[in-house]
Amino acid sequence: MSVLRCIICLIAAGTVLMLAGNSDVPDLEVQVLDRINHVRQDPDAYAERLRSLRPHFVGKTLYLPGQARGQVTQEGVHAVDEAIAFLKTQTPLPPLSRGDLLDLAAREHVVVQGALGTRGHFSPDGASPGDRVQRHGGGKLVGEEISYGYANADDVVRQLVVDDGVPDRGHRELLFNRELRYAGVGCGAHSQYGHMCVIDVSRTRNGASRYEALAQNDASPGTAARPR
């Protein structure tokens, strides 16, 4: 094992213990997935919720009711209007269920990246989201969303849906991928941005292909494996 990998493991182990004592983190993770599922299941209602934010923009800064500090955006109300138009064309999608291995991979990325103060989808050792799930025992067919700067579930999900400053709106598109069925969520402190949340998503509970998942189910204890 490389020195870098050892350092990553030590950071992760220490931070997991710290997160375990923070009762707010599991609650936030549950809330983030709950908000994502609300958006997927009722995009029209969420579009109206975004529309209600329009009067609270002053230039490109959003001043939410009850919050003294504004949220500075890159595009202002334009990105919100675009998100509203997108949501109005979407049909309801099924909710995402929690995947344990996806949770582990998401939390691993939070504890390592949060401690180092970096950003992006790759670990310091070069691991991709799929690599992180794979080293926890799953597969590599995984997508990933990351929110920086927010410790409130509504803010996290709004950031991903509006996708301000992201030309291809990749976060929004991934949230509304109709083939996704599972998600893992990890949230925690970030030394540069204050907070971060990672959402790893997949068609299967563990990031494996559907065919691998079927084979694993067929060979599970008490079940005879069927020939293919």
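Dividing the radius of gyration of the alpha carbons in the stretch 28-136 by their Kirkwood radius gives 1.05 for Rg/Rh. The mean of 1/r over all distinct Cα pairs in the stretch 72-214, once inverted, gives the Kirkwood hydrodynamic radius of 15.6 Å. Here the stretch 161-177 is scanned for amide nitrogen atoms under 17 Å from the site 7 Å beyond the Cα of Thr91 along Cα-to-Cβ, giving 176-177. Just so you know, the Cα atoms of the stretch 126-203 work out to an Rg and Dmax of 12.9, 35 Å. Model label points for Leu174 and Gln192, set 7 angstrom from Cα along the Cα-to-Cβ axis, are 1.7 nm apart. Using only the C-alpha atoms, the convex hull of the stretch 151-196 corresponds to 87 Å³ per residue. Scalar couplings 3J(HN,Hα) for the stretch 142-151, obtained by applying the Karplus form with A = 6.51, B = -1.76, C = 1.60 to θ = phi - 60°, are 9, x, 9, 10, 9, 10, 10, x, 10, 10 Hz; x denotes Gly and Pro.
Using Cα-only point scatterers and the Debye equation, what is log10 of I(q)/I(0) for the stretch 126-166 at each q in 0.15, 0.20, 0.21 Å⁻¹, rounded to two decimals? Cα-only, vacuum Debye calculation for the stretch 126-166: -0.51, -0.72, -0.74.
Just so you know, all these numbers are worked out from the coordinates, no wet-lab data involved. Bear in mind that the values here come from a model prediction, so they are computed numbers and not experimental data. Neighbour counts run over all protein chains shown; Cβ positions are idealised from the backbone, glycine included.
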